[in-house]
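In what follows, a structure is listed as structure tokens, so that the remarks can point back to it.
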Amino acid sequence: MPLEIVPFTLGPVLTNTYLVADPETGEAAVIDPAWDGQIILAEARKSNWGIGQLWYTHAHFDHIGGAAEIAAGLEPPPAVALHRLDLDLWRFQGGAALFGFRIEPGPKPSIDLFHNQTLRLGSITFEVRHTPGHTPGHCAFYCVEADTLFSGDLIFQGGVGRADLPGGDWEELVRSIREQVYTLPEETCLLSGHGLETTVGEERRGNPYVRN
């Protein structure tokens, strides 16, 4: 497989972070740097990968809490990608105060994500899919070469993301899953923001919240 993926489960609500890299070039990105940035940095350095970008599926605090620590350990600091509809949430520290936390949100987002955008990591490409419902600017990252969708808090193994937080919308969440996840090949691996990995086929057949 051309894409290297190193998963972590970090932070107070056990959020999944993914360090992804093109092993040929050593170019790396972090999808949802949840917490403990030094742990992520150490893993990248062990493999001689250079983290140049941070990609956020959305701006909730538990998905961005490690960004500042990562940026502090890199020169130049990484570019940050976020959909503009989640920028206010980012400015609000990802809603951390609502849950009794305080975080440093790190570098200001400089890459505006949009639907069907292409992100590049060396020779590997990712398709950005705008998937609102959990938050207005929620996005998923689809790597065809790796048969993998990084789905954030849109869909989990046997579950779906919350739609009752500020900016959430249940109907949009269901539509995003049906149009942007269930239309992918059944064997596509789903790497989500919480919990274990699953596949499109498993969720289409068995997810109790959203039937195909």
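The values are calculated or read from the model by the stated rules, or taken from the named source; none is laboratory data. Owing to the predicted nature of the structure, the values given are computational and were not obtained by experimental measurement. Don't worry about glycine lacking a Cβ; one is built from the backbone with ideal geometry, like all the others, and counts go over all protein chains shown.
Any residue in the stretch 156-163 that is part of a helix (DSSP H, G or I), more than 17 Å from residue 115 (Cβ to Cβ), at pLDDT 95 or above and β-branched (Val, Ile, Thr)? Scanning the stretch 156-163 turns up no residue that is part of a helix (DSSP H, G or I), more than 17 Å from residue 115 (Cβ to Cβ), at pLDDT 95 or above and β-branched (Val, Ile, Thr). Condition check: in contact with a His (Cβ under 9 Å, 6 or more places away or on another chain), without any contact (Cβ under 8 Å) to a residue 60 or more places away in the chain, under 18 Å from residue 138 (Cβ atoms) and not β-branched (Val, Ile, Thr). Does residue 88 satisfy that? So residue 88 fails the test.
State all residues of the stretch 30-67 that are part of a loop (DSSP other than H, G, I, E, B) and surrounded by fewer than 24 Cβ atoms within 10 Å (Cβ to Cβ); if no residue qualifies, say none. Those that are part of a loop (DSSP other than H, G, I, E, B) and surrounded by fewer than 24 Cβ atoms within 10 Å (Cβ to Cβ): 36, 47, 48, 49. The number of residues in the stretch 27-48 being more than 15 Å from the chain's Cα centre (by Cα) and touching a residue at least 40 places away in the same chain (Cβ under 8 Å) comes to 2. Of note, residue 140 does not satisfy the criterion of being more than 17 Å from residue 19 (Cα to Cα) and in contact (Cβ under 8 Å) with a residue 24 or more places away in the chain. Taking residue 79 as the residue in question, decide whether it is over 22 Å from residue 189 (Cα atoms) and either among the small types (Gly, Ala, Ser) or within 15 Å of the chain's Cα centre (by Cα) (or both). Yes. As a summary of the residue check, residue 92 satisfies the conditions (1) closer than 23 Å to residue 43 by Cβ; (2) out of contact with any helix residue (DSSP H, G or I) (no Cβ under 7 Å at 6 or more places or on another chain); (3) at pLDDT below 95 except for the one numbered (1). Residue 59 - would you say it is over 19 Å from residue 153 (Cα atoms), at pLDDT 95 or above and of a type in the set (A, V, I, L, M, F, W, C)? So residue 59 does not fit the description; no.
Of note, residue 187 does not satisfy the criterion of being in a helix (DSSP H, G or I) and surrounded by fewer than 20 Cβ atoms within 10 Å (Cβ to Cβ).
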